[in-house]
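See below for the structure under consideration.
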Amino acid sequence: MRKFYLLFTVFVFAVVSSLAQDLAGLIAEGDRAVKEFNNSAALAAYQKADKSFPDNWEVKWRISRAYVDIAEHMPEATSAEKEKQEGVYKKALDYANESVKLAPDKSVPYLRRAIANGKIALFKGVFSVADVVNQVKADCEKAISLNNGGNEMQGIAHYVYARTHAKISEKWKPARSVLGLGWADIDIALDNFKKAESLHPKLMMIYVDHAHALIREDEYKDARKKLEKALECPVLDEDDHQRIEEAMKMLKEIKDK
């Protein structure tokens, strides 16, 4: 009997270890596809993991990320195409919500929900969906306050928070205050861009958007420094080649200012 129990224990341990390896392998497969900018392959790997491990918060937020990446590059010339794109963003939001429910003490699910909602807000027009924008702000603040997930994730959280403040503060404060968006502040944006850069110093998009915000404030010298730093960054996002062109164009436009 003792021998049987020992063999059974070894068998169970082997099965559990195999399942864990399968999950890790599928996540790793999806993550490799993300780095190769193969969004459909990434989604397929994560969906396979989700089918076998339906209550895993790390899989859920990765599916949300994949849907956002796919939606960002969908055609939107016709109303039908725009409707389809919005539907994919909503799928991203659904999976982020599931991840938040499964891991309310983790930063990344809140960050992914902020990003999904942010995309929906931009799609609809940020000043027409104040409740969505306020949720983006709340989720960024929650992700930052939990302060887990690693420096890169925290850097992205500060970046999204900075972008939100920068975008909303473009509108005259009395006008947006009526909408419940009076909290936006360009100084908070600039401060969080700096924090984002310190936490994720190789992410090109942070420097480009920071430069945009500095130019609004006529801080051209600092903007040039950010754009030069952006051009030193490695390509980590599939849109970084466009950002390189954007940074070069901006540098040319403000070189004498």
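A few points about this structure:
- Complete set of residues in segment 62-84 that are closer than 19 Å to residue 132 by Cβ and modelled with pLDDT of 95 or more: 64, 65, 67, 68, 71, 72
- Checked against the criterion of being over 19 Å from residue 163 (Cβ atoms) and not basic (Lys, Arg), the candidates 130, 114, 77 yield just one match: 77.
- Enumeration of residues in segment 48-75 that are touching a Leu at 6+ places or on another chain (Cβ under 9 Å) and part of a loop (DSSP other than H, G, I, E, B): 53, 55, 56
- Look at segment 203-231: where a residue is part of a loop (DSSP other than H, G, I, E, B) and a partner is surrounded by 21 or more Cβ atoms within 10 Å (Cβ to Cβ) and hydroxyl-bearing (Ser, Thr, Tyr), sitting 6+ places away or on another chain with Cβ atoms under 9 Å, you get 203/159.
- Checked against the criterion of being among the polar types (S, T, N, Q) and more than 12 Å from the chain's Cα centre (by Cα), segment 103-110 contains not a single residue that satisfies it.
Yes or no, residue by residue, for (1) of a type in the set (A, V, I, L, M, F, W, C); (2) surrounded by 16 or more Cβ atoms within 10 Å (Cβ to Cβ); (3) in contact (Cβ under 8 Å) with a residue 40 or more places away in the chain:
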residue: 40; (1), (2), (3): no, no, no
residue: 66; (1), (2), (3): yes, yes, no
residue: 83; (1), (2), (3): no, no, no
residue: 108; (1), (2), (3): yes, yes, yes
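- Matching residues in segment 170-221 - criterion: being under 21 Å from residue 155 (Cα atoms), buried (at least 16 other Cβ atoms within 10 Å of the Cβ) and among the charged types (D, E, K, R): 195, 197, 209
- Output for segment 159-182, where each listed residue is without any contact (Cβ under 8 Å) to a residue 40 or more places away in the chain, polar (S, T, N, Q) and assigned to a helix (DSSP H, G or I): 177
- Residue-level analysis places residue 75 among those that are without any contact (Cβ under 8 Å) to a residue 12 or more places away in the chain, closer than 24 Å to residue 236 by Cα and surrounded by fewer than 20 Cβ atoms within 10 Å (Cβ to Cβ).
The values are calculated or read from the model by the stated rules, or taken from the named source; none is laboratory data. Bear in mind that the values here come from a model prediction, so they are computed numbers and not experimental data. Note that we place each Cβ from the backbone using ideal geometry, even for glycine, and neighbour counts take in every protein chain shown.
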